[in-house]
């Protein structure tokens, strides 16, 4: 793989291989990168493996689902965000 996706995958691999904690910043960046590169299922896997999520994490995942036409998943993700106690901001709502 080349370009942004290849670079992002190498960074993700480095994170995994070196036991780097998948914190909110790294996780959100990976979710956003995978979604923007068309790898929405990879984005969802990273998102589900994130222990702690903030509004940016949720927004990246919801937008990823929506951009790829997976509106049911976007709605389900939004509901999950609401149940988690995270409040939507102007971007999400």
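Per-residue answers, yes or no, for (1) at pLDDT 95 or above; (2) surrounded by 13 or more Cβ atoms within 10 Å (Cβ to Cβ); (3) within 23 Å of residue 90 (Cβ to Cβ); (4) under 12 Å from the mean Cα position of the chain (by Cα):
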residue	(1), (2), (3), (4)
2	no, no, no, no
5	no, yes, no, no
10	no, no, no, no
71	yes, no, yes, no
For the stretch 83-93, give me the residue count where each residue is within 12 Å of residue 53 (Cα to Cα) and part of a helix (DSSP H, G or I). 1
Name the residues in the stretch 21-40 that are more than 19 Å from residue 81 (Cβ to Cβ) and exposed (fewer than 12 other Cβ atoms within 10 Å of the Cβ), would you? 21
Considering the stretch 18-37 alone, what residues qualify as being assigned to a helix (DSSP H, G or I) and in contact (Cβ under 8 Å) with a residue 12 or more places away in the chain? 24, 27, 28, 30, 31, 32, 33, 34, 35, 36
Residues that are closer than 21 Å to residue 85 by Cα and free of Cβ contacts under 8 Å to residues at least 12 places away in the same chain, drawn from the stretch 46-67: 48
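The values are calculated or read from the model by the stated rules, or taken from the named source; none is laboratory data. Everything numeric here is computed off the predicted structure, so don't read it as measured data. Cβ coordinates were reconstructed from backbone atoms using ideal geometry, including for glycine residues, and neighbour counts include every protein chain displayed.
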